[in-house]
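Peer 1: Here it is: the structure, laid out below.
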Amino acid sequence: NILLTGNGVIKLADFGLSRSFEKSQRPITPKVGTLWHASPEVLLGGKIYTTAVDMWAAGLTIGQLLPTDPLLPGDRGNRHQLDLIIKLI
């Protein structure tokens with residue numbers, strides 16, 4: 001979550017699914033983030049992935065600062081979300 005204070009300071013919040021960065025790629029928590037920000041590798045059921053999933057989510061978050069609607073508002077599961085990603089790309 002990204003919060004904005006009354007003074008215009010950006011704060012990051014809600015690190016409930018976060019973990020420390022390490023070189024070993026052990027399986028990650030099965031449920032990560034929200035469907036709208038899930039990367040293709042997460043949607044395809046990947047068990048081991050890298051910080052690229054965070055870059056994907058960051059890119060979508062930045063992209064959502066521009067339009068008024070979510071970039072990938074999938075609501076029918078992983079397959080539908082992947083279809084939206086393919087259409088966007």
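We did not get these values from a lab; they are worked out from the coordinates using the rules stated. Because the structure is a prediction, the values reported are computed rather than measured. Using ideal geometry, Cβ is built from the backbone for each residue, glycine included, and neighbour counts are taken over all protein chains shown.
Peer 1: Roughly how large, in nm² to one decimal, is the mean projection of the convex hull of the alpha-carbon atoms in segment 32-89? Numbers along the way, then the final one.
Peer 2: Working: hull surface 15.4 nm².
Computing the convex hull of the Cα atoms and averaging its projections yields 3.8 nm².
Peer 1: Something else: Quick one: dipole size for segment 32-89, taken about the Cα centre, charges +1 on Lys/Arg Cβ and -1 on Asp/Glu Cβ, in debye to the nearest 20.
Peer 2: Numbers: 4 positive and 5 negative charges, 30 e Å.
Dipole size: approximately 140 debye.
Peer 1: By count of other Cβ within 10 Å, fewest leading, how are Ile85, Ile48 ordered?
Peer 2: Numbers: Ile85 18, Ile48 10.
Least crowded to most crowded, the residues run Ile48, Ile85.
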